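Report on one structure; see the data block that follows.
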Amino acid sequence: MITWMRRNLFRSITDTILTVISASTLGYVIFQVFQFVFITGRWEIIQVNLKILLVGRFPEELMFLVGFSILATCFSIASLASGMNRPLDQPPTLAGKLWELFQRFGLIISTSAFLIVLAGDLGAVLFGAYVVLSIFAGTLFGRARRTTHLKRLPGWLWVAINATLPLVLIFLTMGQAALEEWGGFLINFYLAVVSIGLSFPLGVMLALGRRSTLPLLRWLSTAYIELIRGAPLFVLLLLAGVALEFFIPASIAPDAIFRAVTVFTLFTAAYLAEVIRGGLQSIPKGQAEAGKALGLSTFRITFLITLPQALRNVIPAQIGQFISLFKDTTLAGVALSVFDLLNVGTAITKQDDYLGQGLIYESLAFVGLLFWVGSYVMSRESQRIEKKLGVGIR
Amino acid sequence: MSNEVFKDASKMSGGRESDDAIIIIEGVYKRFKDFEALKNINMQVGRKEVVVVIGPSGSGKSTLIRCINRLEAHDDGHILVDGTALTTDIRNIQEIRKETGMVFQNFNLFPHLTVLTNVAIGPRRVRGLSKSASEELAMELLTRVKIPEQADKFPAQLSGGQQQRVALARALAMTPKVMLFDEPTSALDPEMINEVLDAMKELAQDGMTMIVVTHEMGFAREVADRVVFMDKGEIVEVGTPSEIFDNPKEERTKKFLSQIL
């Protein structure tokens, strides 16, 4: 320990000075944060407004739909994850497995536990238990796929079976409550998930379009990509708020959330297209030639050979785009007056009980925490997927 | 068969079924910008014939066989493969690619697919076999190139020699009538060259029509029916292995052979 310190922290005079400076800075920051979190911070504002922060004015009697959607999603993810064919390496030990689980879900679990404690009622505790149960059930279902006759199920059908229930529930939820009633973190989450889902295929198509041999398609894709990438996202969002009124009468104009999804999708697709194009360019020419020599059609060469490799090569950059999209959803709150987490967070400090008490710190800290957890989990998962797909490749 | 036909690449020749040419190349030119890669190539390959193409690097050997399955488009002349003329018509090109297998210098296996899927993808996606039928066929071919136990691995987990044998199996899975080899052993470590050459010899003995671009003169001497020497985009000399190696007529052939042997 002493030798380690001497070798790594106090090797020379410069090292010692740097060590002392960074250690005291770190200590000061930790002290301040600790003080804020545990002593001076007044967290009852979050506690009281927890529901509105998370789901806005979502109708109470429909909350069970949100709950079921979350449960179904947890079930499906767990089932898909454990139903995947294992890589050929030796299976991990139990301790290794637990450590991996902790690394993957520790943050989410502790955040959820934190939220449950904040909510402080029996319903929240029960819900937490249900989530754990559904993950467990999902894992069992996934294992059944690997071990029983379900093995013969084709991969796409397996994914479809798992995806159906959560998707149906999510759409049901969306249909039951008007989107204006949504709010809080649910909005950010919804905006991010839907925009990611829509922008991905669009981005792939744009990337392929830009590399196409058909000039018109190539020009159109290039023009689109360059146009969108040249405009600030905030301006596009503001534009979406007003510009549509020129074309469509206000009575049938789509609501703000629809506009936000459109802008985020179109915007992210342009960036994604460039990322994917880079991936496609990194695939050696020999791959397409080998496909041609076999007699595969251009379409199949693209979708069976070059594109899968390209997408895998650029996973970190893609997830990076998705993370920034997730955080940028707060811009929709400002530009389009969507009642998102950030808007709720600032609004609650203006409630009668809290007005003028400077509780904006507490509120923003909470907003920041939720986004950080989301982003960090995405980034960790991307590293994991990357590693997993990298097994035995090149 | 007279020795005459062996000396003229453009004659219907060399095959063990000599009056039946499977590949006919007439007056083919290929240009890359200002550089003439192929100049007036005339050549025929008979059914079940093994033709080895040798020559210094940049002589156009690879370009020639890449023109046969249209990985490069020739500029002038005609190429016929088993009666189908290579034109810009994509259907003709697909038709010819289905009948010609190719093995590349750098293997070009698909790194994201298992060995088995690499071999099965052609029969499944081009010939429309079912998943199980295509995998059965793939397994059969992997057994033939003596690596059935590697089926579930990924290409990167195999040695170079094993990878090239997978590539051979992948090409054979399309049951081609002609096999093209583009320097199949050049990227291999010396100790792995023989395992690939042995697999190729077996294939030749089974009566496959083969065009092989290689620097393995021992292989050429042992297996080839004819050896074609190319230099600067032209066919310089053609003959049986013993004619070319023991008794070359052209100055350029002599010079090349003295440099490599």
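The values are calculated or read from the model by the stated rules, or taken from the named source; none is laboratory data. Source: prediction; values computed, not measured. Every residue, glycine as well, gets a Cβ built from its backbone with ideal geometry; the counts of neighbours run over all protein chains shown. Note: areas computed on protein heavy atoms with side chains; ligands, DNA, RNA excluded. Shrake-Rupley method; radii C 1.70, N 1.55, O 1.52, S 1.80 Å.
So, A:VAL334, is that one among the aliphatic types (A, V, I, L, M), under 30 Å from A:GLN47 (Cβ atoms) and more than 14 Å from every other protein chain (Cβ to nearest Cβ) or not?
Yes.
Yes/no per residue for (1) on the phi > 0 side of the Ramachandran plot; (2) touching a residue at least 12 places away in the same chain (Cβ under 8 Å); (3) away from chain B (no Cβ under 14 Å):
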residue	(1), (2), (3)
A:ARG312	no, yes, no
A:PHE322	no, yes, yes
A:LYS327	no, yes, yes
A:ASP340	no, yes, yes
A:THR349	no, yes, yes
A:GLY356	yes, no, yes
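Is one or more of the residues making up segment A:204-220 under 15 Å from A:VAL261 (Cα atoms) and either touching a helix residue (DSSP H, G or I) at 6+ places or on another chain (Cβ under 9 Å) or surrounded by fewer than 20 Cβ atoms within 10 Å (Cβ to Cβ) (or both)?
Among the residues of segment A:204-220, not one is under 15 Å from A:VAL261 (Cα atoms) and either touching a helix residue (DSSP H, G or I) at 6+ places or on another chain (Cβ under 9 Å) or surrounded by fewer than 20 Cβ atoms within 10 Å (Cβ to Cβ) (or both), which makes the answer no.
Checking B:LEU80 against (1) open to solvent by 40 Å² or more (accessible area, probe 1.4 Å); (2) within 17 Å of the chain's Cα centre (by Cα); (3) at the interface with chain A (Cβ under 9 Å from one of its Cβ atoms), which single condition isn't satisfied?
It is condition (3) that B:LEU80 fails.
Among what's in segment A:282-306 and is outside any helix (DSSP H, G or I) and more than 7 Å from every other protein chain (Cβ to nearest Cβ), pick the residue that is least open to solvent (accessible area, probe 1.4 Å).
Within segment A:282-306, the match that is least open to solvent (accessible area, probe 1.4 Å) is A:ILE283.
Return the residue satisfying two criteria in turn: it lies in segment B:49-65 and is out of contact with any Leu (no Cβ under 8 Å at 6 or more places or on another chain) and either within 14 Å of another protein chain (Cβ to nearest Cβ) or hydroxyl-bearing (Ser, Thr, Tyr) (or both), and of such residues it is surrounded by the fewest Cβ atoms within 10 Å (Cβ to Cβ).
So the residue we want is B:SER57.
Out of curiosity, is B:ASP75 open to solvent by 60 Å² or more (accessible area, probe 1.4 Å), under 24 Å from B:LYS39 (Cα atoms) and not polar (S, T, N, Q)?
Spelling it out, B:ASP75 is indeed open to solvent by 60 Å² or more (accessible area, probe 1.4 Å), under 24 Å from B:LYS39 (Cα atoms) and not polar (S, T, N, Q).
Could we say that B:ALA187 is more than 13 Å from the chain's Cα centre (by Cα), within 13 Å of another protein chain (Cβ to nearest Cβ) and part of a helix (DSSP H, G or I) here?
no
Say we look at segment B:201-214 and pick out the residues that are part of a helix (DSSP H, G or I) and in contact with a helix residue (DSSP H, G or I) (Cβ under 6 Å, 6 or more places away or on another chain); which of these is least open to solvent (accessible area, probe 1.4 Å)?
Result: B:ALA204.
Check whether at least one residue in segment B:192-200 is part of a loop (DSSP other than H, G, I, E, B) and open to solvent by 10 Å² or more (accessible area, probe 1.4 Å), and report yes or no.
The answer is no; no qualifying residue exists.
Can you report the number of residues in segment B:142-161 which are touching a Pro at 6+ places or on another chain (Cβ under 9 Å), of a type outside the set (Phe, Trp, Tyr) and either over 18 Å from A:ILE305 (Cα atoms) or buried (at least 18 other Cβ atoms within 10 Å of the Cβ) (or both)?
2
Search segment B:92-121 for residues being β-branched (Val, Ile, Thr) and more than 27 Å from B:THR63 (Cβ to Cβ), and hand back the single one that is surrounded by the most Cβ atoms within 10 Å (Cβ to Cβ).
Filtering segment B:92-121 for residues that are β-branched (Val, Ile, Thr) and more than 27 Å from B:THR63 (Cβ to Cβ), the one surrounded by the most Cβ atoms within 10 Å (Cβ to Cβ) comes out as B:VAL119.
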